[in-house]
Amino acid sequence: MTVPLAAEELAAGYGAHDAIAEISHAFPKGRVTALLGENGAGKSTLLKALAGIVPARRGTVRLGGRPLLGVPRREVARALGYLPQGFEPLFPILARDLVLLGRTPWRTAFGAPSARDRAAVDAALSEMDAGMFAEVDLGAMSGGERQRILVARVLAGEPEVLLLDEPAANLDPRHRFLVIGAMRRRAEAGGAVVFSTHELDVASHGADDAVLLSGGRVLAAGPIADTLTEPLLSALFGVSACVTRGAGGRPLVSIGPAQAR
């Protein structure tokens with residue numbers, strides 16, 4: 001079975017600097033993968049490179065087994081749903097209209113939204129507990145409310161692969177679990193989900209696998225039971241990590257300052 005998305009010896013960056021290098025990893029159907037690492041570890045750059053936003057300097061991104069650069073842009077837009085970090089609207093826009101932009105790859109240039117488009121928008125807003133904000137301008141929302149609208153925009157596009165940069169940022173605990181549930185449902189339906197986070201509870205509850213990035217390179221990768229471990233997390237974040245096992249054997253992580261030697 002062809003893996004929907006994969007990186008092969010991937011390097012990308014800005015200016016003269018490689019923000020990520022020598023990254024090889026496959027993101028299979030039916031799995032949610034968390035990208036973990038300190039600030040500047042390369043998580044956002046990896047997501048942008050996988051989405052084709054930052055071009056690969058070396059190596060290859062493959063979408064459905066084909067080099068991403070060789071896939072028509074409309075096909076890429078339908079297959080990949082990308083959530084950026086820190087989105088700020090440049091002009092007034094209602095939540096419903098922003099979520100409708102997620103349907104752009106499926107619409108004709110000047111056609112009115114179809115019944116399918118409207119249904120997808122309503123379903124995505126409802127899934128993010130944001131239907132009450134449909135006619136509200138984004139500029140009038142809190143950070144958490146806005147984040148739910150942005151996640152809904154990606155979900156409305158019904159992509160096979162979700163690439164989400166800090167999808168649970170600014171969210172209270174209840175809405176974090178809404179995002180986790182949305183990611184897991186996409187994976188269970190046969191999609192692939194890749195997301196970055198600093199919140200280890202989101203990774204432990206939401207992910208099947210983790211890729212640990214340090215200095216733009218992979219420190220470790222694999223199922224969360226093998227990667228969310230005390231030695232690896234302590235080394236990754238420079239903290240003292242304690243890992244216990246929760247429901248289904250999922251790792252539950254608590255952290256504290258590193259112990260003085």
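Along the positive direction of the dipole of segment 100-234 (beta-carbon charges: Lys, Arg +1; Asp, Glu -1; about the Cα centre), which of 169, 130, 203 reaches farthest?
130
By its C-alpha gyration tensor, with a ≥ b ≥ c as the square roots of the eigenvalues, how is segment 1-128 shaped: rounded for a/c under 1.5, else prolate for a/b larger than b/c, else oblate?
prolate
Counting helices only, and only those DSSP H runs with n ≥ 4, report the 222 nm mean residue ellipticity of the chain as the sum of -39,500 (n - 2.57) divided by its residues, in deg cm²/dmol to the nearest 500.
Taking each H run of at least 4 residues, the total per residue is -9000 deg cm²/dmol.
Relative contact order, percent, of the chain when contacts are C-alpha pairs under 8 Å separated by at least 6 residues?
Computed value for the chain: 24 percent relative contact order.
May I ask for the distance between the Cα centers of segment 216-261 and segment 10-50, given as a whole number of Å?
Segment 216-261 and segment 10-50 have Cα centres separated by 19 Å.
Give the whole-number value, in cubic angstrom per residue, of the convex hull volume spanned by the C-alpha atoms of the chain.
Once divided by residue count, the hull of the chain is 146 Å³.
Tell me, what is the per residue accessible area of the chain in Å², probe radius 1.4 Å?
Counting only protein heavy atoms, the per-residue value for the chain is 47 Å².
Calculate what fraction, in whole %, of the accessible area of the chain sits on carbon and sulfur atoms when a 1.4 Å probe is rolled over the protein chains.
56
Calculate how steeply helix 115-127 sits against the longest principal axis of the alpha-carbon atoms of the chain, using the helix alpha-carbon long axis, and give the answer as 0 to 90 degrees to the nearest 10.
So the inclination is approximately 40 degrees.
Given a Förster radius of 35 Å and the C-beta distance between residue 230 and residue 116 as r, what FRET efficiency does 1/(1 + (r/R0)^6) yield to the nearest 0.05?
Efficiency, from the Cβ-Cβ distance: 0.15.
Please report Rg (one decimal) and Dmax (integer) in Å for the Cα set of segment 127-166.
10.7, 32
The values are calculated or read from the model by the stated rules, or taken from the named source; none is laboratory data. Everything numeric in this text was worked out from a predicted model, so none of it was measured. Using ideal geometry, Cβ is built from the backbone for each residue, glycine included, and neighbour counts are taken over all protein chains shown. With ligands, DNA and RNA removed, areas are computed over all heavy atoms of the protein, side chains included. Shrake-Rupley method; radii C 1.70, N 1.55, O 1.52, S 1.80 Å.
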